[in-house]
Amino acid sequence: MKILLLSAYDAASHQRWRQQLQAHLPQYQWTQLSLPPRYFNWRLRGNSLSWAFGQREILQADYDLLIATSMVDLSALRGFVPKLAQLPTLVYFHENQFAYPVNDQQFNSVEPQMLSFYTALCGDALVFNSSFNRQSFFAGLSRLLVKLPDQVPKGLVEVLQARARVLPVPVELHKAEIQIRKNSLLTLVWNHRWEYDKGPDRLLAMLQRFFALCPSTPTQPSIRLHLLGQRFRQQPPAFDQIKHLLTEQGALGTWGYVEDQYQYQQLLQESHLVLSTALHDFQGLAVMDGVAAGAIPLVPARQAYPEWFAPEFCYPGYPDNPEQEAEAMAQALYRYWLAFQSGDLPQAPSLEHLSWSRLLPEYQALIHQLTGRDL
């Protein structure tokens, strides 16, 4: 079986998903095209142009199935390369533009939402990485369609809902036994993109409150925090303030992106807790990586997190009240600090149900359902 996979905005999580999908399904013949995750608005609108007139020979080859991420401008690409319209098509939603928090400095355009809507209409199967992603996509789409002035066909949302299902990006569970954490300090890791939607301002406010509850000094720190993740030329000013605060409190661990995967995994394995302050997480793979390495999640009770983690791992989320949320998270962290001091930290939850061994058969079944092939 020949599969063409298109990733139009190949962010790290998208790249990981497509590469591991190919690695875990080597019995299929894969052709993959991807575009770098930069120039967001151009990439969304221009990917069909770039591919149709830059990779035309590849697109016109014979395939049995097309898999495209939701950022592929599939309706335009099918117009430019009509042969693609003949293929059964799976559209994978790593995120959706209806639930993405808009930065005050960004131009709020409806075009990314319309593009994902048109791409969804081209899909025979729509696959979302979480129930939150699916629900927020259809809720947002419904709100958009009622705002359009006229000539909007009825029943489109229901048509798409019938094609939709949830199938997460599987988590790689390492067979090696998780090392025993022997650190004398409660060690935390925050391992997200260094952008506003991951809530660095909330992390700063939480740390300020936590250190008020549990003071420390450079000679007697109360915690250690590794602040990892992908960095960019421009980043929210909260990061400089966080670094200053952590240095002042003697709590600064590893700072910045760690390219070496072995070193990154070691940092996850030595951390007792993995944190999220995100306003935008449709699955939360960074947190899942930490949990797979044995860290306890401390995450907001919003986005996709309540789907994966029991209430005791989720602090109350207040998206419209950062100060209240920071206080709730600081109190939760303080309780973990007390538990650590008494040797009563809980075990990290199991992610076996999200592993490749558990989810791969579902991917295979869907592929064979779309192509009409027997397993």
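Scan the range 314-355 for residues that are crowded, with 17+ Cβ neighbours inside 10 Å and within 26 Å of the chain's Cα centre (by Cα) and the total you get is 17. Filtering the range 189-213 to residues that are among the acidic types (D, E) and at pLDDT below 95 leaves E195, D197. Open to solvent by 10 Å² or more (accessible area, probe 1.4 Å), at pLDDT 95 or above and within 24 Å of P322 (Cβ to Cβ), is that true of L186? Answer is no for this residue. Looking only at the range 307-353, residues that are touching a Cys at 6+ places or on another chain (Cβ under 7 Å) and on the phi > 0 side of the Ramachandran plot come to 0 in all. Name the residues in the range 1-15 that are out of contact with any Pro (no Cβ under 8 Å at 6 or more places or on another chain) and buried (at least 20 other Cβ atoms within 10 Å of the Cβ), would you? Within the range 1-15, I3, L4, L5, L6, S7, A8 qualify. A search for C-beta distances below 7 Å between a residue of the range 340-351 that is among the aromatic types (F, W, Y) and any residue that is open to solvent by less than 50 Å² (accessible area, probe 1.4 Å), counting only pairs 6+ apart in sequence or on different chains, returns F340/L186; F340/H272. Scanning the range 1-31 for residues that are within 11 Å of T69 (Cβ to Cβ) and outside any helix (DSSP H, G or I) yields L5, L6, S7, A8, Y9, D10, A11. Tell me which residues, restricted to the range 32-51, are at pLDDT below 95, exposed (fewer than 14 other Cβ atoms within 10 Å of the Cβ), part of a helix (DSSP H, G or I) and not polar (S, T, N, Q). The one that is at pLDDT below 95, exposed (fewer than 14 other Cβ atoms within 10 Å of the Cβ), part of a helix (DSSP H, G or I) and not polar (S, T, N, Q): F40. Looking only at the range 19-28, residues that are without any contact (Cβ under 8 Å) to a residue 40 or more places away in the chain and surrounded by 12 or more Cβ atoms within 10 Å (Cβ to Cβ) come to 2 in all.
Filter the range 261-281 down to the residues that are open to solvent by 10 Å² or more (accessible area, probe 1.4 Å), outside any helix (DSSP H, G or I) and at pLDDT 95 or above and list them by number. Passing the criteria: only H272. Among the residues of the range 285-305, those that are under 19 Å from A99 (Cα atoms) and either in a strand (DSSP E or B) or modelled with pLDDT under 95 (or both) comprise V299, P300, R302, Q303.
The values are calculated or read from the model by the stated rules, or taken from the named source; none is laboratory data. Computed from a predicted structure; not experimentally measured. Cβ: placed from backbone, ideal geometry, glycine included. Neighbour counts: every protein chain shown. Only protein heavy atoms, including side chains, enter the accessible area calculation; ligands, DNA and RNA are left aside. Shrake-Rupley method; radii C 1.70, N 1.55, O 1.52, S 1.80 Å.
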